[in-house]
Structure formats: C-alpha cells, structure tokens
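Have a look at the structure below, then the notes.
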Ligand code: R2B
C-alpha cells in the first residue's frame, strides 16, 4: 500500500491507520537496528542458530512457552537470545549476597559501567535464587545442597539452550570444609566424589537409582591453577578431590550436630582415611554440579575456599573479617580466568584482522 504523505483533510480513521502504519514501520526499523548492533557486537559473525549444549531433553521444543519457574522467567515473555545470548561464564555460589558482591567485582574488573543512579538488578523473579548479569558473566546464587543446585542447573541449562549460548563455562565459587589444609586455602576440585568415594551423582528416577558421572574438566582445573601463581596472589591454592555430602553434620562426621552416634576417635580415623585417598575438602553441591554440567557438554570447575580445617574441629569460629577476606579468594581466581579468556580472544581477533590481505586464502606472495 502506498504511503500517504499529505494527511490534510483526511478522515480520522485514515489518520489512525496512518499512525498505526508509521508506528509499525518505526518498530520494524528499531528491530532491524537492534539486529545490526548485535551483529556488530559479535564481530560481524552471524548469530548462531543453536547453542553448543548437548544431550538435552528432546521434548523441550514441545513446551511453548517453557516456564523456568524458580527463575521467574519464561520463553514467551523473555527473549532469551537477546537477553542472555552473549553469556560466556556462569558463576554460582551459595548466597545471594556473595553473588551480588561478585557481580559488582566483575563489573569493576571488566571495566563495565552502570549509570551512577542505577544498581545491578536481580533478574530472577522466582524469589528462590538471585541472578545478576554483568556483560558476558552471569552471577547466580544456588542455595545449599544438591537438590537446590540441581533445580537451578536444570533451569540455567535450559536458559543457555534457549539463548543459543556458545560454549558457556560454569564455575562454582563457594566455601568448604578443608581436610588437613589451612583455613583460607583455595581448593580447585579435581574430582567430585559422593560419600562412598565414587565419582558419581545418584538420583532416584521413577523408583530406580540412576548414576551420572561427576568427573570435572581437568584442563579447566589446570587453567585455573595456572592463574594461582603464589608470586601473583597472596593465598595458597591446592588441587584435590572433593567429597560432596548431603548433610552438614552427621554426613560430614561432625561431633556437634543435634545427633551423633559415633566417637571423636572414629571421626578422626574417617577423616584420615579420606585424606589418604587424596580428598582435601567437603562441600554439598559438587557432584550434582559436575554431573549436570557434564551431561549438557558444559565445561565446569569448582573453586572453593576452606573456612575450617576439619582435622582441628567442627565449629566454624573464623571472624567475619577473615570470612570476608577469604570469600574474595575464589572470586579473584575466577575473575583472573575470565579476564584472561576474554583478553586472549581480543588478541586472537586482532591477529586475524592484522593478517595482510595477500596472505588470506592460504597463499602469500614473496
Ligand atoms: C558450603 O557451605 C554450605 C554449608 O554451610 C554448603 O552449601 C557448602 O557446600
């Protein structure tokens, strides 16, 4: 239909129609502009048409919309590729406060800015978890224990899938109980073991036990360790096995729970046995975290700071100041890792740009 330029003397219904057409044209231009800006931001690469995740539920396409209940989002009202398509790192820790502090830290470390009157927004409206997005980094709280982190991971993995994310890396940054290591030491988990010392995460599905492998990405653990050079950071870092318990007290052989049917002697023997098997810490989420990320073809790592040496006691008596200093240590390491990956990519892109035109195509003139 030809556009009407002169609306003088037009009937009100013509005017309404013209206004509608104009609005529609502005809207579609806005959309096109948005697409172009995103295209430029991605270095003029074509946006991917699917995520790199694998092995997901084949029935997902049937859920239209799909509600991510605990995150308070759904595929009908959130444009996942637009909002989350650039996510490269998903960092998870126990409490909302710690993850908010981490989000502000990453913002500073990546030199990203908010306008002075704005604060970072918790994007999860489900009131169970807190979720902050800082450029390519998601900072999410996961609560305590495997059931909690497993619910979150199901929904975050679907989010990554709907957003068509490319090779996102998941890292848990948390606290843990050390076994024979100084409080304040950072532990990079080499493996996540269940309490029977098996590298597996067990779930009961339709009444039957199903086991999923909970081995972690060794290369990622090594990359993280390489950034913990004692000349550059002022804390100790160790790599070792992590035991994931379903309970804080009896499940970790503590003597100070409401119930305790064992002795101090058997506790010490148990911890020494673990130590002899290369176990350096206890946490409560690593097997579910490792298994679910592995199933989705996601590289993942667990980096926790120890708040107690369980060889010396059970109660966490460290003062708030020490706890606050220690909580920043895994964050420091993970921030270094994120910056390194992003910087390497920028340098790589620069190299590609700098290749003389005559070399492109595999042949160079002498
Ligand atoms: C570490 O700290 C919590 C228990 O206090 C739990 O989430 C864990 O793994």
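The values are calculated or read from the model by the stated rules, or taken from the named source; none is laboratory data. Since we're looking at a predicted model, the values are computed, not measured. Neighbour counts run over all protein chains shown; Cβ positions are idealised from the backbone, glycine included.
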Is it the case that residue 334 is surrounded by 12 or more Cβ atoms within 10 Å (Cβ to Cβ), within 30 Å of residue 86 (Cβ to Cβ), modelled with pLDDT of 95 or more and in contact with a helix residue (DSSP H, G or I) (Cβ under 8 Å, 6 or more places away or on another chain)?
-> yes
From the options 121, 101, 111, residue that is in a helix (DSSP H, G or I) and either in contact (Cβ under 8 Å) with a residue 60 or more places away in the chain or more than 15 Å from the ligand (Cβ to nearest atom) (or both) = 101
Within region 268-300, track down each residue that is within 15 Å of the ligand (Cβ to nearest atom) and assigned to a strand (DSSP E or B).
-> 279, 280, 281, 282, 283
Residue match in region 312-323 (condition: touching a helix residue (DSSP H, G or I) at 6+ places or on another chain (Cβ under 7 Å) and within 12 Å of the ligand (Cβ to nearest atom)) = no
Show the residue pairs that are 6+ apart or on different chains and have beta-carbon atoms under 6 Å apart, the first residue being within region 222-237 and in contact (Cβ under 8 Å) with a residue 12 or more places away in the chain, the second being in a loop (DSSP other than H, G, I, E, B) and exposed (fewer than 10 other Cβ atoms within 10 Å of the Cβ).
-> none
Apart from one, (1) part of a loop (DSSP other than H, G, I, E, B); (2) touching a strand residue (DSSP E or B) at 6+ places or on another chain (Cβ under 8 Å); (3) touching a residue at least 40 places away in the same chain (Cβ under 8 Å); (4) under 24 Å from residue 336 (Cα atoms) all hold for residue 165; the odd one out is (2)
Counting only residues that are within 16 Å of the ligand (Cβ to nearest atom) and in a loop (DSSP other than H, G, I, E, B), how many does region 124-145 have?
-> 7
Of the residues in region 1-57, those that are on the phi > 0 side of the Ramachandran plot and modelled with pLDDT of 65 or more number 1
